[in-house]
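S.K.: Structure incoming, see below.
Please treat every number below as a calculation from the coordinates, not as lab data. Here the structure is a predicted model, which is why all the values come from computation and not from measurement. Note that each Cβ is placed from the backbone with ideal geometry, even for glycine, and that neighbours are counted across all protein chains shown.
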Amino acid sequence: MKSKEHTRQVRDKVIEKFKAGLGYKKISQALDIPRNIVQAIIQKWKEYGTTVNLPRQGRPPKLTGRTMRALIRNAAKRPMVTLDELQRSTAQVGESVHRTTISRALHKVGLYGRVARRKPLLTENHKKSHLQFTTSHVGGTANMWKKVLWSDETKIELFGQNAKRYVWRKTNTAHHSEHTIPTVKYGGGSIMLWGCFSSAGTGKLVRVDGKMDGAKYRAILEENLLESAKDLRLGRRFTFQQDNDPKHKARATMEWFKTKHIHVLEWPSQSPDLNPIENLWQDLKTAVHKHCPSNLTELELFCKEEWARISVCRCAKLAGRPKDILSVSYKPKAVPDNS
C-alpha cells in the first residue's frame, strides 16, 4: 500500500532539527518517522528550498514503481501471460487496476500484444536432417534446380479467400452489401488439387475426387507425372520432389518410382518453406477468387485456366528460390588460421 503523506508541520519540524545539527537517525527517533522519510524530506528541501508540495505534472500513477517493475519482469519472462493474469497478480499485492492501465504500462517499455506467429515444431532430429540436406545441396548449381519437378496438393474453398480487403465507405455503412465480402459456413465446399511445376512452367493440375490415399496418389502420378516432365522438356534424368506425407512415402509408391526409374529428392521433414509451389498455390487462389466462382465446377475450371496462365518467368524465379534459401540458412564456421 502507498504510505500516507506527512503534514507540512511535520516536514517543517524535520528541517528545524536538521538545521539544529541533528542527524537523520536522531530526527527519526525524535519524531517517530522512518529514517528514509526523513532523508527524502531533507533532500527535497535541499533541492527546492521548501517543504511545500510542488505542483505535479499530472495524475499520480496508479501503479507503484515496484509493481511496475514486477509487471515488466513477468511479461518479459512469460511472453504468453494474459492481461487477466497480470491483473490478478497486481491485485494480490494490493494494487487493483484496470487492464488498460497494465497495457499502457507495458507499452511504455516497448512491450505490445501481438498474435504469436506459427512455425513448424522442430526436434533435434529435424534440425540435424535440415542441416544435412542443406550441406549436401548448398553447392548445387542453377541447372540442378532447373531439373527438379516440384509437386504438392492443396485445398481450395469456394468462398475461402480470407485476405483482407479495404473499401472506401462512410460512417455506419460497414454492413452495406457493397462494403462486405460474402461468406458461408465451411467455405461453401472445396476441391482438392494436385499439381506440379518446374522452372520451365506449370505441369498438370488434377482434381482429386474423394479421399486421397496411396492408390489414388499412384494413379495420379501414373497419369500425370511423366507427361508433365515430357511437356516441360525435363528429359529422362529429372528429379521429382514430394513431401513426406505417408501416402507419398508408402512402400508401394516408392517401388513405383523405382520401377519408372524416377529419382526422388530426399526431403527433410517439417520444411514446407523450402517448397516453392506454396507460392504458386497462393498466386492461384488469389487469381481464382477474383472470378467469384458460384459452384465447384466453375471453381475447378477457373483453377485450371489460371494455372495455365502462370508465367514461365514466375516459375523460373520460384524454382531457383531453394538455392537462395539454402545459401542464406547455411553459413559454415570459419576455420581458424593456425599458420
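S.K.: Which loop trypsin sites (Lys or Arg not before Pro) in region 230-314, with loop taken from DSSP, have no more than 15 other Cβ atoms within 10 angstrom of their Cβ?
M.R.: R233, R236, R237, K249, K260, K290
S.K.: Hey, rough spin-label estimate for A174 and Q29, points 7 angstrom out along Cα→Cβ, what's it come to in nanometres?
M.R.: Here the answer is 6.8 nm between the modelled labels.
S.K.: Let me ask something additional. Helix 214-231 versus the longest principal axis of the chain: what angle, 0 to 90°, nearest 10, using Cα atoms?
M.R.: For 214-231 against the chain, the angle is about 70 degrees.
S.K.: Also, quick follow-up: At D209 and R69, where each label point lies 7 Å from the Cα along Cα→Cβ, what is the point-to-point distance in nanometres?
M.R.: Once both label points are built, they end up 7.2 nm from each other.
S.K.: Can I ask one more? Please give the charge dipole size of the chain, origin at the Cα centre, charges +1 on K and R Cβ atoms and -1 on D and E Cβ atoms. Round to the nearest 20 debye.
M.R.: Using Cβ point charges on Lys, Arg, Asp and Glu, the chain gives about 2160 debye.
S.K.: For V312 and A250, what does the FRET efficiency come to when R0 = 35 Å and r is the distance between their Cβ atoms, rounded to the nearest 0.05?
M.R.: E(calc), rounded to 0.05, equals 0.60.
S.K.: If you wrap a convex hull around the alpha carbons of region 8-48, what volume per residue comes out, as a whole number of Å³?
M.R.: Cα convex hull per residue, to the nearest whole number: 58 Å³.
S.K.: Greater than 31 Å separation of Cα atoms is the criterion. Which listed pairs, K127/K258; K146/K216; K26/K62; K119/K211; K127/K204, meet it?
M.R.: Distance filter (> 31 Å) returns K26/K62; K127/K204.
S.K.: Report the FRET efficiency, 1/(1 + (r/R0)^6), for R236 and M192, where r is their Cβ-Cβ distance and R0 is 30 Å, rounded to 0.05.
M.R.: According to the calculation, E is roughly 0.50.
S.K.: Using alpha carbons only, how many degrees (0 to 90, rounded to 10) separate the axis of helix 35-48 from the longest principal axis of the chain?
M.R.: Once rounded, one gets 90 degrees.
S.K.: Another question, then. For the pair L22 and Y48, what calculated FRET efficiency results from E = 1/(1 + (r/R0)^6), where r is the Cβ-Cβ distance and R0 = 30 Å, to the nearest 0.05?
M.R.: 0.90
S.K.: Calculated from DSSP H runs of 4 or more alone, at -39500 (n - 2.57) each and per residue, what is the 222 nm mean residue ellipticity of the chain, nearest 500?
M.R.: Mean residue ellipticity, 222 nm, calculated: -14000 deg cm²/dmol.
S.K.: So I have (1) -0.83, -1.32; (2) -0.61, -1.50; (3) -0.55, -1.50, and one of them is log10 I(q)/I(0) by the Debye sum over Cα atoms at q = 0.10, 0.16 Å⁻¹ calculated from this model. Which one is it?
M.R.: (1)
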